[in-house]
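We did not get these values from a lab; they are worked out from the coordinates using the rules stated. The model shown is predicted, which means the values in this text are computed figures rather than measured ones. Cβ placement follows ideal geometry from the backbone for every residue including glycine, while neighbour counts extend to all protein chains displayed.
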Amino acid sequence: MVIWRFLFFFVLYSATSYGQLGGNSTYQFLNLISSPRQASLGGKAITNVDYDVSQGLYNPAAINPEMDGELALNFANYLGDISYGTAAYAFTVDRRIQTFHIGMQFVNYGTFDGYDVAGLPTNEFSASEAALSLGYARQIGRSDFYGGTAIKIITSKLEQYNSIGLSADFGILYINEAIDFNMALAVRNIGGQLKTYAGLQEKLPFEITLGLSQKLENVPIRWHLTLENLQQWPLAVASPGRVETDLDGNQTEERVGFANKALRHVIFGAELFPDRGFNLRIGYSFRRAEELRILEQRNFSGLSFGFGMKLNNLRFSFAHARFAAASNTSFFGLQLKL
């Protein structure tokens, strides 16, 4: 009870101290999806405690001995010409009690045409960002709680500007083996810039995520419920593109009610045959669906699906996420037992 009281007050404090989203912080790539499995479950699922070594990139408390010797490489041809990927590896020491995790995230924004203030073309330039992390997790005493932390060194290059940052992630995980139920809290991106782009100190994309999952007793399904961005309320604002105009020219702004604001924190996912060599996954992000939906057109924004397949010591994962009618993303992942 003491642990949960502490976390409760920490969340309330963080909501007032670090409430930001979108363009109010730098290094936004740190909160991108870490693997195809996570993508297919709607994004930001943090309660998988098994072989999936990529899970440690988003919730360090999920690092466990079953990840020992697992190497994962994930890649996505993201929106536009942006390429994005992650890599992760874990190893266990001290009689299989303590597990360490090494991870990397990178994003390449591609090549851009340069122009001067007069609009005349100059040289082409590129932009990219990366983060290297070292994580660690272990059981808290003999309880059903596990704690983990990860330290990240961040580098960013945008044209001629460079930045270096340092951040930490913290996670706590509760596992009830009797009912196969997991609950996790991840507090991400606590830190700052060691070197700014041009003298302006910017905040990191601080985020608090709460996750729950359970494998059903008589059905081979594990459901996942994730509550994202708990540090900020509300996430929703009226969209200027959804202003309605009547025949008399009167305009009415979009109204965002309480239920809509609450649902934008919710991500739901399900995994069929989670313990088998082949499994199917599906997820739905309410925030992505609402923010990217087009009026009077059904484009299934927010929906994601995928599968995982195991062949001896090799695992292959695929996910497809719907963003909008003109932009969808496929994720690919390979995991090898060394």
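Restricting to Cα pairs below 8 Å that are 6+ residues apart, what does the relative contact order work out to for the chain? Please round to a whole percent. 18 percent.
Anyone know which of Phe268, Phe145, Phe258 comes out most mobile in the 10 Å Cα GNM of the chain? Highest fluctuation among the options: Phe258.
Work out the charge dipole of the chain with +1 on the Cβ of Lys and Arg and -1 on the Cβ of Asp and Glu about the Cα centre, then indicate which of Phe268, Gly110, Ile82 is farthest towards its positive end. Of the candidates, Phe268 comes out farthest on the positive side. Once both labels are positioned 7 Å from their Cα atoms along Cα-to-Cβ, the gap between Glu66 and Asp94 label points is 2.2 nm. Scaling against 2.2 N^0.38 Å puts the C-alpha radius of gyration of the chain at 1.04.
Measuring gaps between exposed loop sites in the chain (GluC sites (Glu not before Pro); DSSP loop; at most 13 other Cβ atoms within 10 Å), the longest gap, sites not included, is 1-123. Amide H to amide H, with H built 1.01 Å from N, Ser34 comes under 5 Å of Lys44, counting only residues 5 or more places away or on other chains.
Taking Cα centroids, how far is the stretch 265-296 from the stretch 155-226 in Å? For the stretch 265-296 versus the stretch 155-226, the Cα centre distance is 18 Å. Positive-end ranking of Tyr51, Thr252, Ser167 along the dipole of the chain, with charges on Cβ about the Cα centre, is headed by Tyr51. Only Lys, Arg, Asp and Glu carry charge here, each on its Cβ (+1 for the first two, -1 for the last two); on that basis the chain has a dipole of about 880 debye about its Cα centre. Secondary-structure-derived ellipticity at 222 nm for the chain, considering helices only, amounts to -3000 deg cm²/dmol, per-run term -39500 (n - 2.57) for DSSP H runs with n ≥ 4.
Against the chain, whose longest principal axis comes from its Cα atoms, helix 2-17 is set at around 10 degrees. For the stretch 172-180, backbone phi angles converted through the Karplus equation (6.51, -1.76, 1.60; θ = phi - 60°) give residue-by-residue couplings of 9, 9, 10, 10, 10, 5, 5, 10, 6 Hz, Gly and Pro being listed as x. Scattering from the stretch 89-230 was approximated by placing one identical point on each alpha carbon and applying the Debye formula without solvent; log10 I(q)/I(0) at 0.10, 0.15, 0.17 1/Å stands at -0.53, -0.92, -1.07.
In a DSSP loop and with at most 11 other Cβ atoms within 10 Å, the trypsin sites (Lys or Arg not before Pro) in the stretch 95-197 are Arg95, Arg96, Arg142. Straight-line cross-link partners of Lys310 among the lysines, defined as a Cα under 26 Å from its Cα and at least 8 positions apart when in the same chain: Lys44, Lys215, Lys337.
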